[in-house]
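*Asks:* I'd like to ask some things about the structure below.
The values are calculated or read from the model by the stated rules, or taken from the named source; none is laboratory data. Remember, predicted model here, so these are calculated numbers, not experimental data. FYI the Cβ positions are ideal-geometry reconstructions off the backbone, even for glycines, and counts take in every protein chain you see. Accessible surface areas use protein heavy atoms only, side chains included; no ligands, DNA or RNA. Shrake-Rupley method; radii C 1.70, N 1.55, O 1.52, S 1.80 Å.
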Amino acid sequence: MDKIKTVLNWSSGKDAALAYHVLQQGGIYHVDCLLTTINNEHDRIVMHGVREQLLDAQSKAMGVKSRKIYLPAAPDDSTYKKAMQQTLTELKHEGISTAAFGDIFLEDLKHYREQQLATVGFDAEFPLWKQDTRKMIAILEQTGIQATVICVNEKFLGKEFLGRTVDSNFLNDLPAAVDPCGENGEFHTYVYNAPYFKEPIAVKQGEVVYKNYTPAQNDADKWNTGFWFLDLLPAE
């Protein structure tokens, strides 16, 4: 039986990398391309702040083509939806009608994704859904997926966590209130090596930057916070 052609929403971080690994192992889905939203003002991955050049390096190392959606720095919901639907419609014409995500337990986000996908006739797949996030870190180590912390929410973690490799030692140092996989937005990562990479991606640490975000009024309690970013640079 032919595998189901799938687009994987790719943040450049560990959850997306784990989702790709599980999809590979399952033998049902074939990841045809990686879909990533890019801040078109700074050429960086939305929220993670990773340089587009390092996203391209991941795509090349995996041998999987990258599909990008370019958005302004702070797009409203209608702008985001319009851009996403346009891209998904294009993918549908290319024979792809399943979208996969690395989400683990955010019910409202899962419901939102499923609703938006349904409008363009897409199915949704969540290969990590409801998994134990502590066990996910163990699987990360066992499979050889290597990720470094490139963003932390100051409400949960200090900037000293930037540049840390996500492994059992990192897990042991996390405060009790922080999810092991950062599923509540506590931290974000960049994957520089994986068993399905042709070779590791050589990176070096750049400057550390602090940014504060002004949230929409209805999200004020959740997002009225600052973030520390580590600017990763190509090492070659």
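*Asks:* What does the accessible area per residue of region 14-137 come to in Å², with a 1.4 Å probe and no ligands, DNA or RNA counted? Kindly include the intermediate steps, with their values, before the conclusion.
*Replies:* On the way: 5980 Å² over 124 residues.
Solvent-accessible surface per residue comes out at 48 Å².
*Asks:* Right, another one. Note down, for region 76-124, the three equivalent ellipsoid semi-axes (square root of 5 times each alpha carbon gyration tensor eigenvalue), biggest first, whole angstrom.
*Replies:* Values: eigenvalues 67, 41, 13 Å².
Three semi-axes, in Å: 18, 14, 8.
*Asks:* What three numbers, in Å, describe the spread of the alpha carbons of region 116-236 along their principal axes, ordered from the longest?
*Replies:* Per principal axis, max minus min of the Cα coordinates gives 44, 41, 32 Å.
*Asks:* Using DSSP to define loop residues, name the trypsin sites (Lys or Arg not before Pro) in region 107-195 whose beta-carbon has at most 16 other beta-carbon atoms within 10 Å.
*Replies:* Details: sites: K110, R113, K130, R134, K135, K155, K159, R164; in loops: K130, K155, R164.
When the trypsin sites (Lys or Arg not before Pro) of region 107-195 are filtered for loop state and at most 16 Cβ neighbours within 10 Å, K130, K155 remain.
*Asks:* Then there's this: Starting from 0.36 nm per residue, how many nanometres of slack lie between Q25 and K211 once their C-alpha separation is accounted for? Show your work: numbers first, answer last.
*Replies:* Details: separation 186, 0.36 × 186 = 66.96 nm, distance 3.83 nm.
63.1 nm is the gain from fully extending Q25 to K211.
*Asks:* Using the basic label-point model (7 angstrom from Cα toward the beta carbon), what is the L106 to N169 distance in nanometres?
*Replies:* For L106 paired with N169, the spin-label model returns 3.0 nm.
*Asks:* Okay, next question. Under a GNM of the chain (C-alpha, springs under 10 Å), which listed residue has the highest mean-square fluctuation: G102, G13, G144?
*Replies:* Maximum among the listed residues: G144.
*Asks:* To continue, here is another question. Top mean-square fluctuation among L34, L157, L55, Gaussian network model of the chain, C-alpha springs under 10 Å?
*Replies:* Answer for the Gaussian network model of the chain: L157.
*Asks:* K198 versus K5, label points 7 Å from Cα toward the beta carbon: distance in nm?
*Replies:* 2.3 nm
*Asks:* Looking at the chain as a GNM with Cα springs under 10 Å, which of K14, K82, K68 has the largest mean-square fluctuation?
*Replies:* Result for the chain, Cα springs under 10 Å: K82 fluctuates most.
*Asks:* Here's another thing I want to ask about it. Grab the other residues whose beta carbon is less than 14 angstrom from that of E141, score K and R as +1, D and E as -1, and report the net. List each step's numbers first, then the result.
*Replies:* Numbers: positive: K14, R134, K135, R164; negative: D167.
That works out to +3.
*Asks:* Take the residue pairs K5/K211; K110/K155; K110/K159; K130/K159 and return only those whose Cα atoms are more than 27 Å apart.
*Replies:* K5/K211; K110/K159; K130/K159
*Asks:* So for the chain, Kirkwood radius off the Cα pairs, Stokes-Einstein at 4 °C and 1.567 mPa s: how many µm² s⁻¹? Could you put the intermediate results ahead of the total?
*Replies:* Working: Rh = 18.3 Å.
D, rounded to a whole number, is 71 µm²/s.
*Asks:* How much of the pair distance distribution for region 47-118 lies past 15 Å, counting alpha-carbon pairs only, in percent?
*Replies:* Details: 1719 of 2556 pairs.
Considering region 47-118, 67 percent of its Cα-Cα pairs are separated by more than 15 Å.
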